[in-house]
Amino acid sequence: MTSKYKPFDELKKSEKLTKARAEYGDAVSNDRSFQAQARKAYNFYAGNQYTQEEKSALEAAGRPALVCNLVKPTVELIKGVNDQNRVQARAIPTEKNDGFLADILNDCYEKIRHINNIVEQEDDSLENMVTTGKGFLAVDIAPDPKRPGEIKIPVVSVPVSEVRMDQNGSWLFWEKWVTLEDFAIQYPEAIKELDDILNGESVGDLTEFGADEDFSDTFGDTPVDEDYTNILDDGFYDKTKGLIKVIHKEYWVAYDRYYGVNPQTGEIEEFSKDKLPALKKMIPGFGYQKVKDKKVKWFQFTGHKVLYDGDSPIPFDGFSIVAGYCYKDKSKARIDYFGVVKDMIDPQREADKRWSQTLNLFLKQSQGGYFVEKGAIDNVKEWADTINAPGADTVVADGAIASGKIKEKRIPQLPTGSLQLNEFAQDLLKKISGVNPDLLGMDRGRQEPGVVIKMRQQQGLILLNNLFTSHKRMINAMAERIYAIIMKYMPESQIRRILGGGKNYEFRGDLIADLKNKVVAPIRKIKDLKYNIEISDAPENLTKTMSQLSIFMEMMSKGFPVDPKTVIEKLDITEAEKAHWIEYIGQKEQSASQSAQMQMQLKQQVDQGKLQIAQGNLKLNSEKIMTSQLLEKEKLEQKELTDRRNFDIELAKLDEQGRQMIMNLVQRLSLPMQLPQ
């Protein structure tokens, strides 16, 4: 079997170089159609909307090459909508008790985003998607030369002219132009051959061929980038700009994974193939299973020199370059990609031409000319030079004006069709791009709740849903790679350094403490965190903030209790002004609290005085009642005594028989009444 049927990973170095160069040439050739369309879209975005042939035709017709660039503001508007609706990637722990560790990991990720200015790179990739239909973000990992032991995680937006990717996701090529200084840093082992590489004299890694073999025509033609002044015939060095072209290839390869049962734990564990003999020797009858899997490998070269050949250093199952696509054209066997600008090109062309045509008609028709009889003008050239010159005197023959030999032509009216077509083309650009008043949340002449505005903007985003969804996937995929690098390669000392300067954490040896929530955990546990990546609205999401502010204001107007500090946080003012207002509100709240406390104390004092008075009145009333009761008792006793005395006196007046009758009567009345049987 010849070498061409071997997998790329099993080829010799020279064979890999030969095949990689040929594959790269094919990839560039297959991508020419897209690159041509992309350059055209970039030209329209930049305002270069006439071809040289069109400019020449307009110049010959005496018409100005006017450009009413509506493409650029549309692209900028879409970028602005993204800026106001930013999303963020967050690690969500799979275990309930790992929330603190996930917060540390997320804060570390945000610090890296800030250090590497990843937001700007994401915005640039979105601009490429809107303009051309493709956007690329690339992540790398490298030791930090300024801080030994630490790593750097650079993220860059790759121009679409530099990336060629297989539609099946099997491989990709990245054409990187690097400076001599960066080349020396990234490939220090190639420094000794740098002079030969720059002068095209190094045969590099082609020495594996026989001395009598001719390999000069084995590589095919490497396309020359029109933006560079190439010195070498294969276009790997630009002497004028001091740039070296490095071809970076990533590809999937199949490999074997080995799993066996650990006799101590009883669990299935993975082991490397080179340990298999030792395991069989240590564990008689050791059983294992071989499983096929795939991984990404890198191959980098420049000219005839292989710079890197090995496994991808990114600890993630995927390419280091993340792609985002706007729209797909599936009408052909090979899928083509295009952006918002492609469909705007024809209406933009129409708007430019109609504007130029309208101005040309206006300039020509504003000067209707004259009907002139023969002999009415003595000097025709003088007439032509002065008739339309402001303030110039035009001489005609004697009696020509009086006899009516010169008559002004009627100026025709400007046709309305040209203006209507121009307006139609401009309106068509808005409809095609998907930018409409709903997307902008424009005021419709009445004050509306924030929820309504938010829903209208979401409806407006439907026309651009595919674009923003793809961009979210890019952010999510890039976050997966950065999180994986942090988890595997970032040392604890670097985590301590980038997080220790804030107010949220405090490091105590190998422990990290959350000062706000009073939680402590070992830093090393971050490496064992199990998590998922989710996309949500970012805190700086302006649309969400303004919507919430509108909701809070509406709640306040309806009488619902709302914390004024929360409203201040949602205002679009500087942090210093926010701090001033929050301090002012705090002083007002403290003053109101003190006033309320004083009123409460005064009320308590008044209530206590009223209570004391009421208690005094109650005591006085009680004493009055007791005195009244004593007087009544004394009156009753005195009356009873008086009645007793009167009874005795009356009884003394009666004779013996009468007294006995009275006594019997009294005795009978004192006995209980007997009911009849």
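Before moving on, here are some points about what is shown:
- The candidates Tyr584, Tyr237, arranged from most to least accessible area with a 1.4 Å probe in the full protein assembly, appear as Tyr584, Tyr237.
- All other residues whose Cβ lies under 15 angstrom from that of Pro313 are scored, Lys and Arg at +1 and Asp and Glu at -1, for a net of 0.
- Partner lysines for Lys565 [C-alpha distance under 16 Å; skip if fewer than 8 residues away on the same chain]: Lys578, Lys588
- For a label point 7 Å along the Cα-to-beta-carbon line of Arg349, residues of region 50-71 with backbone N under 13 Å: 50-55
- Shape category assigned to region 287-332 from the gyration tensor of Cα positions, a/c cut at 1.5: oblate
- Using heavy atoms of the protein chains and a probe of 1.4 Å, the accessible area assigned to Ile533 is about 30 Å².
- Virtual spin-label span in nm between Leu641 and Glu267, 7 Å along Cα→Cβ: 10.6
- Summarising the amide proton neighbourhood of Ala397: residues at separation of 5 or more, or on other chains, whose placed amide H is nearer than 5 Å comprise Ile377, Asp378.
- Modelled label reach - Ser170, point 7 Å along Cα→Cβ, region 300-326 residues with backbone N closer than 17 Å: 319
- Scanning residues 5 or more positions from Leu243 or on other chains, those with amide H under 5 Å from its amide H are Asp238, with H placed 1.01 Å from N in the peptide plane.
- Trp581 contributes about 120 Å² of solvent-accessible surface, heavy atoms of the protein only, 1.4 Å probe.
- Virtual spin-label span in nm between Ser595 and Asp393, 7 Å along Cα→Cβ: 8.7
- Set of lysines with alpha-carbon distance to Lys405 below 30 Å, sequence-local pairs under 8 removed: Lys364, Lys374, Lys381
- Flagged links, alpha-carbon separation over 28 Å, of Lys96/Lys518; Lys6/Lys40; Lys6/Lys294; Lys176/Lys292: Lys6/Lys40; Lys176/Lys292
- Ranked by how many other beta carbons lie within 10 Å on average, peptides 508-516, 488-496 from highest: 488-496, 508-516
- Computed E for Asn48/Glu423 - FRET, C-beta separation, R0 22 angstrom, nearest 0.05: 0.35
- Residues whose amide H comes within less than 5 Å of that of Val306, counting only those at least five positions distant or on another chain, are Asp205 (H built at 1.01 Å from N in the peptide plane).
- Here the Karplus curve 6.51 cos²θ - 1.76 cosθ + 1.60, taken at θ = phi - 60°, turns the phi angles of region 45-61 into couplings of 5, 7, x, 8, 10, 10, 6, 5, 5, 5, 4, 5, 5, 5, 5, 5, 8 Hz, with x standing for Gly and Pro.
- Most to least packed among 133-143, 65-75 [average Cβ atoms within 10 Å]: 133-143, 65-75
- Among 110-116, 560-566, 95-101, the order from most to least packed when residues are scored by Cβ within 10 Å on average: 110-116, 95-101, 560-566
- Links that overshoot a 26 Å alpha carbon limit, given the list Lys295/Lys330; Lys16/Lys192; Lys152/Lys530; Lys19/Lys488; Lys146/Lys295; Lys146/Lys527: Lys295/Lys330; Lys19/Lys488; Lys146/Lys295
- Listed values for region 250-258 are Karplus-derived 3J(HN,Hα) couplings in whole Hz (6.51 cos²θ - 1.76 cosθ + 1.60, θ = phi - 60°), namely 10, 8, 8, 10, 8, 8, 9, 10, 10, and x replaces Gly and Pro.
- Estimated inter-spin distance, Asp385 and Asp528, nm [label 7 Å along Cα→Cβ]: 9.9
The values are calculated or read from the model by the stated rules, or taken from the named source; none is laboratory data. No experiment lies behind these values; they were computed from the predicted model shown. Positions of Cβ are generated from backbone atoms using ideal geometry, with glycine treated the same way; all protein chains shown enter the neighbour counts. The accessibility values were calculated without ligands, DNA or RNA, using every heavy atom of the protein model including side chains. Shrake-Rupley method; radii C 1.70, N 1.55, O 1.52, S 1.80 Å.
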